[in-house]
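Remarks on the structure that follows.
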Amino acid sequence: MGSVGDLSCFDEASPCIEEQTSICVIDIAQSSTANDMAAQAVYVPWHLCVDEGNSLAHCHTEVGIASSDVQDCLNNRVNSLIPDYLSKVKGVNSLPHEEVNGKQVDADYGSLKAAFCDADPNLTGCGGPGPTPMPSPSPSPSPTPTPTPTPTPSPFPTPSPSPSKCHAVSTLVDDEWCQENCPDFCPQDLCECDNILV
């Protein structure tokens, strides 16, 4: 109520510093989020925090708004925001004052629920399915590790040593691997058999 230079409020003395801070918090939330719902997810908890008796600075921190941004708004922008605020609260003569989609609603549970359900029957409280959840991204599968260097068959025919006489010559494989894979696949950089490098 009032004007830019002479604000008056229901619950604090003029110049209504808490109210001006609230105007700045709403402006910061709206300018730094993707949409109105995201902004409300910032400034509604801020108002609840303040209503619980916490300091303004504590509530800024609680919702992730920098106190310096609020102070900058109070010093430089709030006077340009107040006229829009005053036009929105024109006709509010007492608290609580509830509106849904611009229409005043009695501040009781039944009236508010009816107004919300008229505005959006898809709300779960109105018997609807509620909002469509955003799909969560599925985790990317981790790649299968490959030994380096990648074992490759020898270009020459390999002798057929007895598998029990083969052992590893590289840390990429162990003796058991050599005994199981030689002579069919016996890379010379990984296994040695019968004292002959294969």
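The values are calculated or read from the model by the stated rules, or taken from the named source; none is laboratory data. If you're wondering where the values come from, they're calculated on a predicted model, not measured in any experiment. Don't worry about glycine lacking a Cβ; one is built from the backbone with ideal geometry, like all the others, and counts go over all protein chains shown. When the accessible area is computed, the model is the full protein with side chains, heavy atoms only, and any ligands, DNA or RNA have been set aside. Shrake-Rupley method; radii C 1.70, N 1.55, O 1.52, S 1.80 Å.
So that you can scan it fast, the table gives a plain yes or no per residue for (1) open to solvent by 60 Å² or more (accessible area, probe 1.4 Å); (2) in contact with a strand residue (DSSP E or B) (Cβ under 9 Å, 6 or more places away or on another chain); (3) assigned to a helix (DSSP H, G or I); (4) among the small types (Gly, Ala, Ser):
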residue	(1), (2), (3), (4)
PHE10	yes, no, no, no
GLU19	no, yes, yes, no
HIS58	yes, no, yes, no
GLN71	yes, no, yes, no
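Whether a residue is more than 25 Å from PHE10 (Cβ to Cβ) and either open to solvent by less than 60 Å² (accessible area, probe 1.4 Å) or within 29 Å of the chain's Cα centre (by Cα) (or both) was assessed, and SER111 does not pass this test. Of the candidates SER160, SER170, the single residue that is open to solvent by less than 50 Å² (accessible area, probe 1.4 Å) and either at pLDDT below 80 or under 53 Å from the mean Cα position of the chain (by Cα) (or both) is SER170. Annotation note: of PRO121, PRO141, PRO137, PRO131, the sole residue that is under 30 Å from GLU180 (Cβ atoms), modelled with pLDDT of 70 or more and under 30 Å from the mean Cα position of the chain (by Cα) is PRO141.
Inside the stretch 21-46, residues that are part of a helix (DSSP H, G or I), of a type outside the set (A, V, I, L, M) and open to solvent by less than 60 Å² (accessible area, probe 1.4 Å) make up a count of 7. For beta carbons closer than 7 Å, sequence separation of 6+ or different chains, a first residue in the stretch 87-103 that is within 19 Å of ALA115 (Cα to Cα) and open to solvent by 60 Å² or more (accessible area, probe 1.4 Å) and a second that is β-branched (Val, Ile, Thr) and part of a strand (DSSP E or B), the qualifying pairs are GLU98/VAL105; GLU99/VAL105.
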